[in-house]
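Enquirer: Below you will find the structure I want to go over with you.
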Amino acid sequence: MTSILGKDLTGLEHMTPEQIRLILDTAEPFKEVSERPIKKVPALRGKTIVNLFFEASTRTRISFEFAEKRLSADTVNVAASGSSVSKGETLVDTARNLEAMRIDMVVIRHPSSGAAEFLGDRIASNVINAGDGKHEHPTQALLDLLTIRDKHGKIEGLKVCLVGDVLHSRVARSNLWGLTKLGAEVAVCGPWTLMPRGIEELGVTVFGRIEEAIEWADVLNVLRLQLERMEKGFIPSLREYYRVFGVTPERLERSPRSITIMHPGPMNRGVEIDSRVADGPHSVILDQVTNGVAVRMAVLYLLAGGRAELADAAKGGGSE
Amino acid sequence: MNASVPLLLQGGRVIDPSRDLDDALDVLIQDGKISAVGRGLGAPDGAAVRNVTGKVVAPGLVDLHVHLREPGNEDEETVASGARAAAAGGFTAICAMPNTDPVTDNQAAVGFIVRQSGRAGLARVHPIGAVSIGQKGERLAEFGEMVSAGAVAVSDDGKPVVASHLMRTALEYARTFGIPVADHCEDPSLASGGVMHEGLVATRLGLKGIPSAAEEIMVARDVLLSELTGGHVHLCHMSARGSVAIIREAKDRGIRVTAEVTPHHLTLTDYACEEYDTHAKMNPPLREAADVAALRGALKDGVIDCIASDHAPHAYDEKEAAFDDAPFGIVGLETAFAVAHTELVVGGVFTLPDLIRRMSTEPARVFHLPGGTLAPGAVADVVVLDAAAKWTVDPNAFHSKSHNTPFTGRALTGRAILTIVAGTIVHEL
């Protein structure tokens with residue numbers, strides 16, 4: 001059951017621009033499903049999907065679950081705590097047991113980079129990466145791309161800056177691949193302690209100062225600063241981080257453009273982003289969340305073998 | 001065949017780097033020693049004769065750095081299975097690191113390795129004792145007793161000797177017994193949590209890197225402490241080009257430093273970690289093409305003294321894990337010569353005598369071991385190599401109990417066809 005996207009969706013690095021555009025285009029008709037009083041279409045009726053979360057997640061897990069349910073799939077949620085995983089079962093044993101239950105798809109989040117590929121190489125079911133370590137979070141980047149496209153009508157030629165903890169961010173890596181493949185200019189901005197080695201060689205501009213990034217960008221995607229980064233000594237204090245790198249209305253006012261503000265959540269208000277910016281007129285943060293469901297419906301549908309041109313029909317013909 | 005029967009190796013290409021010898025000669029072995037090397041040697045009564053025309057006769061290979069898992073993890077490797085794998089790889093002597101469970105940090109534990117080696121009767125297994133009790137980096141182990149029980153060096157390998165004061169004391173105390181201190185050079189505060197080389201590949205894979213500086217800092221420190229104490233420091237498994245520069249300068253200044261490099265650090269880069277291949281996960285990590293080039297150059301001109309395998313067996317299911325969770329290390333005894341020969345000699349970087357010097361004569365000299373020479377009167381530790389043999393790496397055919405190698409399926413040229421320890425044939429293909 002290899003789809004036009006391949007068997008698995010583990011990351012955007014090795015996808016083609018055409019595949020990425022196909023997902024975004026397929027998401028468009030699925031947006032409407034969530035606006036209906038009865039939010040359900042039969043596209044994945046009879047399919048069994050396991051949401052396997054080895055890391056805490058609220059937004060991503062719920063978004064996937066809504067996407068699955070709105071496509072009429074049968075879903076099971078497995079969280080690391082309270083499962084055999086916490087009893088020391090290895091990832092490969094978990095995989096084999098799932099496989100033995102004859103499932104169709106696994107959505108996996110795992111703290112180890114490469115865990116989704118590891119699983120995908122060992123089971124016949126489709127594997128969707130919902131975040132693996134510091135590697136990739138492809139559906140997050142896809143929903144970011146869709147949100148940018150909605151707001152600006154295009155992606156090509158836009159200047160997008162990822163702000164903050166790029167070193168530890170799978171969202172940043174997936175965004176970087178997706179944006180560059182679709183022709184955007186990409187920059188990163190943050191303290192050098194939170195920049196991965198060799199990032200410049202990936203074709204991105206590095207800004208050491210947020211003021212420079214704001215002067216340059218059309219879109220700022222503000223990454224979450226994990227509070228433990230301070231404990232591990234990457235930054236001296238959250239207070240200083242806000243003062244040096246915080247995205248504030250005062251800083252944004254200096255830009256000649258109205259910059260679109262994005263954040264993958266959950267936000268630390270008053271650390272990486274000021275509340276007045278997060279809640280301001282140029283924020284598309286909640287649009288990102290809405291688009292997340294549609295993008296994940298598109299990914300599930302395409303991986304299950306659905307054809308993009310039939311997505312409208314798959315909705316149950318309700319959109320005409 | 002036992003050592004009481006004389007053995008004549010006839011018509012081979014004899015390469016003995018200890019005497020700069022490379023000629024078509026016969027080698028006669030009697031009473032466990034090299035009896036004669038020359039043209040047209042006659043076979044004494046009752047001697048076994050092997051015609052090795054077209055093959056290479058060399059001093060047996062010597063490996064200063066292997067991990068056997070006995071005691072503690074005998075499912076992964078034992079002294080006997082490691083010695084068997086060594087013999088199959090053309091090694092006549094290997095040095096076993098002390099990070100066993102319990103740690104080989106006292107004379108009884110060292111004596112156990114010596115006895116197990118004797119029972120196996122294959123390649124010689126020389127124990128390396130721990131620098132510190134339990135390899136905890138706190139109190140010196142009893143070097144004197146360990147040396148009298150058979151230890152040839154001390155090391156806390158697997159971990160660095162972190163405290164500079166302890167390293168200083170170890171170098172001074174080891175001088176008393178004429179043994180080197182072998183250090184695993186890694187600044188733990190820089191390397192902590194890292195799983196591969198810090199560079200572009202790690203950035204793309206989202207894996208935590210170990211910067212080259214983590215090694216280079218400790219190399220520089222060890223060089224300075226060697227200069228301070230006059231002790232002999234041996235630097236294990238060098239991986240970074242910066243380390244090479246520091247060693248080069250130290251040797252120019254006459255400091256007593258020696259160094260080794262593994263076949264994999266001479267032939268692979270961090271790109272081997274793509275696809276999250278846990279068989280490319282080792283510590284120190286595989287680094288960049290510029291590092292490989294610097295290591296090759298250093299080995300060629302003697303800044304790095306020798307090749308060592310860092311043979312590190314692990315059970316198959318330990319490597320069947322996410323990259324972060326898999327242990328470091330690969331096996332190497334049965335591929336070391338062929339990988340180095342294929343990449344360096346067939347690849348045109350080294351001559352075969354160069355390679356044998358770096359895998360036999362030099363390692364024997366560095367740790368003051370018997371072997372490494374075919375001089376008459378020396379122990380008859382000899383290997384016969386078929387430099388033209390083509391074979392494909394199949395871990396299922398290994399004598400080692402573990403199969404964790406990144407070279408599976410690799411087509412290689414050259415292998416040992418006859419391994420002789422003290423006049424006794426311990427491996428014949």
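The values are calculated or read from the model by the stated rules, or taken from the named source; none is laboratory data. This structure is a prediction, so every number in the text was calculated from the model and none was measured. Every residue, glycine as well, gets a Cβ built from its backbone with ideal geometry; the counts of neighbours run over all protein chains shown.
Enquirer: Which residue out of B:409, B:414 is in contact with a strand residue (DSSP E or B) (Cβ under 8 Å, 6 or more places away or on another chain) and either surrounded by 23 or more Cβ atoms within 10 Å (Cβ to Cβ) or in contact (Cβ under 8 Å) with a residue 40 or more places away in the chain (or both)?
Expert: None of the other options fit; the residue is B:414.
Enquirer: Now a separate question. How many residues are over 14 Å from residue B:283 (Cβ atoms) and hydroxyl-bearing (Ser, Thr, Tyr) if we restrict to region B:212-250?
Expert: Within region B:212-250, residues that are over 14 Å from residue B:283 (Cβ atoms) and hydroxyl-bearing (Ser, Thr, Tyr) number 3.
Enquirer: Residues of region A:1-30 being within 14 Å of chain B (Cβ to nearest Cβ) and farther than 13 Å from residue A:178 by Cβ, which ones?
Expert: Those that are within 14 Å of chain B (Cβ to nearest Cβ) and farther than 13 Å from residue A:178 by Cβ: A:8, A:10.
Enquirer: Filter region B:1-23 down to residues that are within 28 Å of the chain's Cα centre (by Cα), surrounded by fewer than 17 Cβ atoms within 10 Å (Cβ to Cβ) and not charged (D, E, K, R) and give me whichever is nearest to residue B:48 (Cα to Cα).
Expert: Only one residue fits best here, namely B:1.
Enquirer: Given (1) within 14 Å of another protein chain (Cβ to nearest Cβ); (2) among the charged types (D, E, K, R); (3) assigned to a helix (DSSP H, G or I), identify the lone condition not met by residue A:251.
Expert: It is condition (1) that residue A:251 fails.
Enquirer: Would you please name the residue that is farthest from the chain's Cα centre (by Cα), looking only at residues in region A:221-248 that are assigned to a loop (DSSP other than H, G, I, E, B) and buried (at least 22 other Cβ atoms within 10 Å of the Cβ)?
Expert: A:246
Enquirer: Among the numbered criteria (1) under 29 Å from residue A:61 (Cα atoms); (2) at pLDDT below 95, which one does residue A:255 miss?
Expert: (1)
Enquirer: So residue B:333 ticks every box in (1) surrounded by 21 or more Cβ atoms within 10 Å (Cβ to Cβ); (2) within 14 Å of chain A (Cβ to nearest Cβ) but one. Which box is left unticked?
Expert: Condition not satisfied by residue B:333: (2).
To keep it simple, each residue is scored yes or no on (1) surrounded by 21 or more Cβ atoms within 10 Å (Cβ to Cβ); (2) at pLDDT 95 or above; (3) of a type in the set (Gly, Ala, Ser); (4) closer than 19 Å to residue B:406 by Cβ.
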residue	(1), (2), (3), (4)
B:173	no, yes, no, no
B:181	yes, yes, no, no
B:200	no, yes, no, no
B:213	no, yes, yes, no
B:231	yes, yes, yes, no
B:237	yes, yes, no, yes
B:258	yes, yes, no, no
B:261	yes, yes, no, yes
B:285	yes, yes, no, yes
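Enquirer: Of these, B:117, B:132, B:148, which one is among the small types (Gly, Ala, Ser), crowded, with 17+ Cβ neighbours inside 10 Å and under 30 Å from residue B:420 (Cβ atoms)?
Expert: Sole residue among the options that is among the small types (Gly, Ala, Ser), crowded, with 17+ Cβ neighbours inside 10 Å and under 30 Å from residue B:420 (Cβ atoms): B:117.
Enquirer: Among the residues of region B:173-195, how many are of a type in the set (Ser, Thr, Tyr) and touching a Cys at 6+ places or on another chain (Cβ under 8 Å)?
Expert: Count: 0.
Enquirer: Looking at this structure, is residue B:228 touching a residue at least 60 places away in the same chain (Cβ under 8 Å), among the hydrophobic types (A, V, I, L, M, F, W, C) and farther than 20 Å from residue B:325 by Cα?
Expert: Against the criterion (touching a residue at least 60 places away in the same chain (Cβ under 8 Å), among the hydrophobic types (A, V, I, L, M, F, W, C) and farther than 20 Å from residue B:325 by Cα), residue B:228 qualifies.
Enquirer: Take region B:353-380 and flag every residue that is among the hydroxyl-bearing types (Ser, Thr, Tyr) and more than 20 Å from residue B:233 (Cα to Cα).
Expert: Result: B:373, single match.
Enquirer: Only one of (1) in a helix (DSSP H, G or I); (2) among the small types (Gly, Ala, Ser); (3) on the phi > 0 side of the Ramachandran plot fails for residue A:213. Which number is that?
Expert: (3)
Enquirer: Evaluate the following for residue A:36: is it of a type in the set (D, E, K, R), in contact (Cβ under 8 Å) with a residue 40 or more places away in the chain and out of contact with any Gly (no Cβ under 9 Å at 6 or more places or on another chain)?
Expert: no
Enquirer: Something else: Please tell me if residue B:250 is within 14 Å of chain A (Cβ to nearest Cβ) and either surrounded by fewer than 24 Cβ atoms within 10 Å (Cβ to Cβ) or part of a helix (DSSP H, G or I) (or both).
Expert: Spelling it out, it is not the case that residue B:250 is within 14 Å of chain A (Cβ to nearest Cβ) and either surrounded by fewer than 24 Cβ atoms within 10 Å (Cβ to Cβ) or part of a helix (DSSP H, G or I) (or both).
Enquirer: Given the structure, is residue B:241 within 14 Å of chain A (Cβ to nearest Cβ) and either of a type in the set (Ser, Thr, Tyr) or touching a Leu at 6+ places or on another chain (Cβ under 9 Å) (or both)?
Expert: The answer is no for residue B:241.
Enquirer: Separate question: Return the residues of region B:284-321 that are of a type in the set (Val, Ile, Thr) and either within 14 Å of another protein chain (Cβ to nearest Cβ) or outside any helix (DSSP H, G or I) (or both); say none if nothing qualifies.
Expert: B:303, B:304, B:307
Enquirer: Still on this structure, I have one more. Can you pull out the strands (runs of 3 or more DSSP E) entirely within region A:92-202 that have at least 1 residues that are touching a helix residue (DSSP H, G or I) at 6+ places or on another chain (Cβ under 8 Å) and facing chain B (nearest Cβ under 10 Å)?
Expert: Filter on region A:92-202 gives A:105-110, A:126-132.
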